[in-house]
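Worksheet: one structure, shown below.
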Amino acid sequence: MVTTFPSTTECPHCGAMLNARYAQLGLKRLFCGYESCDCEGAVAERAAIAAQEQAEAEKAVAEKRRRSLVRCGVPERYLGLDHPMADELALAMEGGQWLYLWGDVGTRKTTCAAAVAMRLHDRGKSPLMVPMYRVLDEIQRSFHDGGDPLKRYAEAGYLLIDDLGKRRPTGFVLDSLFQLIDQRYSAMRPTLVTTQYRPSDLVRRLAEQGDADTAKAIVSRLRHGARVVEFDGPDGRLA
């Protein structure tokens, strides 16, 4: 059965007659629609369709990026936020530098870390951002369940640990944390930590339920050659 089409059609905007277009494919003549009208209404309609298609394409790209960032551990809340130091600190991490961001609650340390992770991601790197409590929970579970919960953290190209010291680790967890930091330190894999504590105070915090020498060894590795950035100011969440 052969479908036939009218040789002309009427522009819905101005009423002009538009000729059918055909293409020859071997012995077949294929209908390719009608001529485009150049009237103001037709031009505006085509522009609106193109704008909609562009918006949908951009939305799809943005959604793909969002899903990818979430897989990298960037919290949803911080996806739309930025920090003025992000470019500088991301470049420092790309150059192999460790970063130690400390300051009181609400001073935008996590915002900065998330912005750094997003910069690294958008430059084709593979950052992994994780809150410290999740790492500690995985270590604690492994005490009973076995396995190696730290492998993916130890091997991540760029690891960003948020809120180190927020929870006091037990002796077993502290030993495991040392192994993680030591593996990354030995392999020279760039690492960023955020914490409420200056380095000397973090040693005391980590040692409250664990070995002081292990706590000191952890902070020593975090601190050695790292760029230490203090975040100050009022709690932005309460402002």
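Which value at 222 nm does the chain reach when only helices count, each DSSP H run of 4 or more adding -39,500 (n - 2.57), with the total divided by all residues and rounded to the nearest 500 deg cm²/dmol?
It lands at -15000 deg cm²/dmol.
At 37 °C and 0.692 mPa s, what whole-number value in µm²/s does Stokes-Einstein give for the translational diffusion of segment 182-225, with Rh from the Kirkwood sum over Cα pairs?
Working: Rh = 10.9 Å.
It comes out at roughly 301 µm²/s.
Compute the helix-to-body angle for 109-122: its Cα long axis versus the longest principal axis of the chain, expressed 0 to 90° and rounded to tens.
It is inclined by approximately 50 degrees.
Within segment 21-146, what whole-number % of the accessible surface is contributed by carbon and sulfur, with the 1.4 Å probe and all protein chains included in the calculation? Intermediate results must be reported in sequence, preceding the final value.
Numbers: 3940 of 7460 Å².
After summing per-atom areas, the C and S share lands at 53 percent.
For the Cα atoms of the chain, what angle does the longest principal axis make with the long axis of helix 171-187, in degrees from 0 to 90, nearest 10?
With rounding to tens, the tilt is 60 degrees.
Just give me a number: lysine pairs in the chain, eight or more positions apart or cross-chain, with C-alpha atoms less than 22 Å apart.
Numbers: K64/K125; K109/K125; K109/K166; K125/K151; K166/K216.
So the count of such lysine pairs works out to 5.
For segment 147-239, how big is the tail of P(r) above 21 Å, as a whole percent of Cα pairs?
It works out to 32 percent of all Cα pairs.
Quickly rank 25-34, 156-165 as a protection proxy: mean count of other C-beta atoms within 10 Å, highest first.
So the peptides 25-34, 156-165, ranked by packing, come out 156-165, 25-34.
Rounding to the nearest 20 debye, state how big the charge dipole of segment 143-239 is about its Cα centre with +1 on each Lys and Arg Cβ and -1 on each Asp and Glu Cβ.
My answer is approximately 200 debye.
How much length is gained if the chain between D213 and I49 is pulled fully straight, taking 0.36 nm per residue apart and subtracting their Cα-Cα distance, in nm to one decimal?
My answer for the length gained is 52.4 nm.
With a 1.4 Å probe and every protein chain left in place, work out the accessible area per residue of the chain in Å², rounded to a whole number.
Per residue, the chain has 58 Å² of solvent-accessible surface.
Counting residues in segment 59-101 as N, plug N into 2.2 N^0.38 Å and put the Cα Rg over that result.
Output field value: 1.36.
Measure out, as a whole number of angstrom, how far apart the alpha-carbon centroids of segment 167-230 and segment 14-46 sit.
One Cα centre to the other: 69 Å.
As a test of understanding, state the convex hull volume per residue of the chain from its alpha carbons, in Å³.
Cα-based convex hull of the chain, divided per residue, equals 244 Å³.
For the chain, find the longest principal axis of its Cα atoms and tell me its angle to the long axis of helix 40-71, 0 to 90°, nearest 10.
Long axis of 40-71 versus the principal axis of the chain: about 20 degrees.
The values are calculated or read from the model by the stated rules, or taken from the named source; none is laboratory data. Bear in mind that the values here come from a model prediction, so they are computed numbers and not experimental data. Virtual Cβ from ideal backbone geometry, glycine too; neighbours counted across all protein chains shown. Keep in mind that these areas ignore ligands, DNA and RNA; they rest on the heavy atoms of the full protein, side chains included. Shrake-Rupley method; radii C 1.70, N 1.55, O 1.52, S 1.80 Å.
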